[in-house]
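Notes to accompany the following structure.
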Amino acid sequence: MPRPAPAHSHRPSGRRGSTRGGRRRAPQRRRPRYGWIATALTCGVLIASGLFLTHHTSAHTANVSGTAPMPYSTAKASPSAQAPRVTLAIPATLTTPGHTDLDWPTSGQAAIAIEGLGQIGDSGPSSTPQPIASVTKTMTAYLILKDHPLAVGQQGPSITVTAAEAAQLPEEEALQQSLVPVATGEQFTERQALQALMLASADNMAQILADWDSGTETAFVAKMNATATALGMTHTTFTQPSGYLGTSISTAPDLVTLGEAAMNDPFFTQLVDQTSATIPSGTVTNYNTLLGTDGVNGIKTGSTYWAGGCLLFSAATTVNGHPATLVGAILGQPGSITTMLPNVFAATRQLINSTDSTLTRTTLLTATQTIATRTSNGAPQPLHLTHDLTLTNWPGLTFHLHLTGTPTNPTLTIQTPDGHTDTTIPLTP
């Protein structure tokens, strides 16, 4: 009986249909010549596809969770901690009860403010520009000190009067302008020139300072108007540094803005509070005879037939023992050339006195009140002021409350409607 052939005993013979052990062997199929290349390409595609799928899945998961993926995991991620959030627990505005009733002038226009707190009110056509006469020189002095700052007590550089400037004096005298005598080659320190400008209200010194600062009056006037725009004086136009011609116009609220800005300069503050000064041509006296009365310590008078009596003023006062500074402007007061300044002084005293009696100090918020709530992970935490909020104010004043600082170190900022920030107080649990 023939023995069965062992498994895998076939051997290639090189001849088709050969037999071994008496049996015919099935013909062997020839492999394609380049089959190994196709097989390699197929494997490569499959491997690359697998890598792409793995990378794409991993990247998507990392964008969501920030961690590497866990294939087939059914575990749920724990919720992340919530960032702390602070919200006001009281209304965002506070209005003091009552309304103001100041003693406004019966003609012209006026406005008054507490420096650093905001405007209390205004009267008359206070959005209609009108001539401001020599009050214009306030902007001239403010701009000179911005370009050439002086510390209190300093004299500053010397300013030499040119022949052309001195030659204009006879014509200026014929026009009855307010002047100080000058001569060719005469020298004034910057301090003396500003004293002649603001105390004696010298129109010719306004021109000399403008030429010294900017080369020409035109260039200086352009600076004046650019500065007015930067301060927010939207109803103001300057045409010359002195205001003599009456074409420089403004409003009482705009001039209050200028007065507040100017009085932030210590040299300017000391300058406009002087009753007299000595300059090369002699002693000059301040036209503002209201100085020292009712706390008045500045700023600038103005009077012409077309402007009437005008005064931009500053006055120191106290409210329940706390110092405060009033800044106001009164324009267009009637009278002759000799009575219009006394008339504006009288109107100013009435306005200051009525304002003094209106101002008060009020505790608006206490340290025991819950001012805001800080929430973190769902747990609310009440926040309080570190001390009572007591402010100088007037009836009808509205304060706006803003949360400032950070959630971990929050603060409460209090502002008036015109954007003045009165105070910022920390909040604590």
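The values are calculated or read from the model by the stated rules, or taken from the named source; none is laboratory data. Keep in mind that what you see is a predicted model, and the values were worked out from it rather than measured. Backbone-built Cβ (ideal geometry, glycine too); neighbour counts: all protein chains shown. SASA here: full protein model, heavy atoms, side chains in, ligands and nucleic acids out. Shrake-Rupley method; radii C 1.70, N 1.55, O 1.52, S 1.80 Å.
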In Å², rounded to a whole number, the accessible area per residue of segment 366-429 with probe 1.4 Å is 45 Å²
Rounded to two decimals, the Debye log10 I(q)/I(0) of segment 266-336 (Cα scatterers, no solvent) at q = 0.20 Å⁻¹ is -0.91
Counting only protein heavy atoms with a 1.4 Å probe and every protein chain in place, the carbon and sulfur fraction of the accessible surface of segment 157-210 in whole percent equals 52 percent
With 0.36 nm assigned to each residue of separation and the Cα-Cα distance removed, residue 146 to residue 283 gains 46.7 nm
Taking the dipole of segment 178-329 about the Cα centre (Lys, Arg +1; Asp, Glu -1; charges at Cβ), the one of 272, 261, 327 that reaches farthest to the positive side is 327
As a Kirkwood estimate from alpha-carbon pairs, segment 129-285 has a hydrodynamic radius in angstrom of 15.6 Å
Simple spin-label estimate for residue 168/residue 95, 7 Å along Cα→Cβ, in nm, reads 5.2 nm
The extension gain from residue 413 to residue 368, computed as 0.36 nm times the residue separation minus the Cα-Cα distance, is 14.4 nm
Carbon plus sulfur, as percent of the 1.4 Å-probe accessible area of segment 294-429, comes to 53 percent
Sorted on mean Cβ neighbours within 10 Å (highest first), peptides 198-210, 364-376, 398-410 come out as 198-210, 364-376, 398-410
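Starting from segment 245-326, pick out the chymotrypsin sites (Phe, Trp or Tyr not before Pro) whose DSSP state is loop and whose Cβ has at most 15 other Cβ atoms within 10 Å.
Qualifying residues, ordered by number: 305, 306.
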